[in-house]
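Only one structure is covered here, and it is reproduced in the block below.
The values are calculated or read from the model by the stated rules, or taken from the named source; none is laboratory data. All figures in this text were calculated on a predicted structure; none of them were measured in a lab. Please note: Cβ atoms are built from the backbone with ideal geometry, for glycine as well, and neighbour counts cover all protein chains shown. Accessible surface is based on the protein model in full, side chains and every heavy atom, while ligands, DNA and RNA are left aside. Shrake-Rupley method; radii C 1.70, N 1.55, O 1.52, S 1.80 Å.
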Amino acid sequence: MQLRAYLERESIAPDDFATKIEVNPVSVHRYLRGIRRPNWTVMGRIIEVTGGEVTANDFVDHESPKENVRNGCALA
């Protein structure tokens, strides 16, 4: 589950969630905007606080990378 969806469903303000996971509120806002990903320590706290509903996979962009083709070879 995406962090934004979890916070909305649980009616938790981003600043309040930041307190729960012991980070600066600016960090949570950056997570929500996709500007930053939590480090492993913080990710562990997110998993714990959300009861496993938000995981590291939820911070990964699942869109396929665009392929560039040159001379018959795909470049990622």
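Condition check for Trp40 on (1) farther than 16 Å from Asn57 by Cβ; (2) without any contact (Cβ under 8 Å) to a residue 24 or more places away in the chain: one failure, at (1). Residues that are outside any loop (DSSP other than H, G, I, E, B) and either aliphatic (A, V, I, L, M) or more than 14 Å from Leu7 (Cα to Cα) (or both) were ranked within segment 31-43; the one that is most open to solvent (accessible area, probe 1.4 Å) is Trp40. So, in segment 44-69, of the ones that are closer than 14 Å to Arg4 by Cβ, modelled with pLDDT of 95 or more and not charged (D, E, K, R), which residue ends up surrounded by the most Cβ atoms within 10 Å (Cβ to Cβ)? Top of the filtered list is Ile46. For segment 16-28, a residue qualifies if it is open to solvent by 80 Å² or more (accessible area, probe 1.4 Å), in a helix (DSSP H, G or I) and over 21 Å from Asn57 (Cβ atoms), and the qualifying residues are Asp16, Thr19.
Determine, yes or no, whether Ile12 is of a type outside the set (Asp, Glu), modelled with pLDDT of 95 or more, open to solvent by less than 70 Å² (accessible area, probe 1.4 Å) and part of a loop (DSSP other than H, G, I, E, B). Taking the combined requirement at face value, the residue satisfies it.
Here Gly72 does not qualify as at pLDDT 95 or above and not hydrophobic (A, V, I, L, M, F, W, C).
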